[in-house]
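The values are calculated or read from the model by the stated rules, or taken from the named source; none is laboratory data. Nothing here was measured: the structure is a model prediction, and the numbers come from that model. Glycine gets a Cβ as well: all are built from the backbone with ideal geometry, and neighbour counts include every protein chain shown. Ligands, DNA and RNA are excluded from the accessible area calculation, which covers all protein heavy atoms including side chains. Shrake-Rupley method; radii C 1.70, N 1.55, O 1.52, S 1.80 Å.
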Amino acid sequence: MPMAALAGAALLASACTSTGNVERNAAGGAALGALAGAVIGNNVGGGDAGTGAAIGAALGGAAGVVRGCRQDGSCGAEGNQRRQYYDERAGRYYYYDSGSGRYYWEDGSPR
């Protein structure tokens, strides 16, 4: 039961982050991986839910980081192929992210 509470707390904390997709997906992936690992570890082999949860959290967190990084368009997955526009008043470039439906400055901060 403590593992389920820990996974729930991590999932709730991941929803509150304002730093980006990488952190949010890493925390969510770790929480879901820990939950799945605990269930599988408890039902298979020696019945060690703690070890299964640790392995699941590590794998889920890593998968979440990769997914979030790709959502942000970084990690060298596709390179920077988005179209940028120039805001003459601000003197800065910005781009539109179709995944989130928002505009961002060239450095990734919201426009």
inquiry  = Here are the criteria: (1) more than 13 Å from G20 (Cα to Cα); (2) surrounded by fewer than 15 Cβ atoms within 10 Å (Cβ to Cβ); (3) modelled with pLDDT of 80 or more. Tell me which single one G46 does not satisfy.
reply    = (3)
ask   = Given (1) open to solvent by less than 100 Å² (accessible area, probe 1.4 Å); (2) modelled with pLDDT under 80, where does G60 come up short, assuming only one miss?
value = (2)
request  = Go through region 79-111 and count every residue that is in a loop (DSSP other than H, G, I, E, B) and not hydroxyl-bearing (S, T, Y).
outcome  = 15
inquiry  = Taking the conditions exactly as written (modelled with pLDDT under 80 and within 30 Å of P110 (Cα to Cα)), does A13 satisfy them or not?
reply    = yes
key: Count of region 97-111 residues which are under 18 Å from the mean Cα position of the chain (by Cα) and in contact (Cβ under 8 Å) with a residue 12 or more places away in the chain   = 3
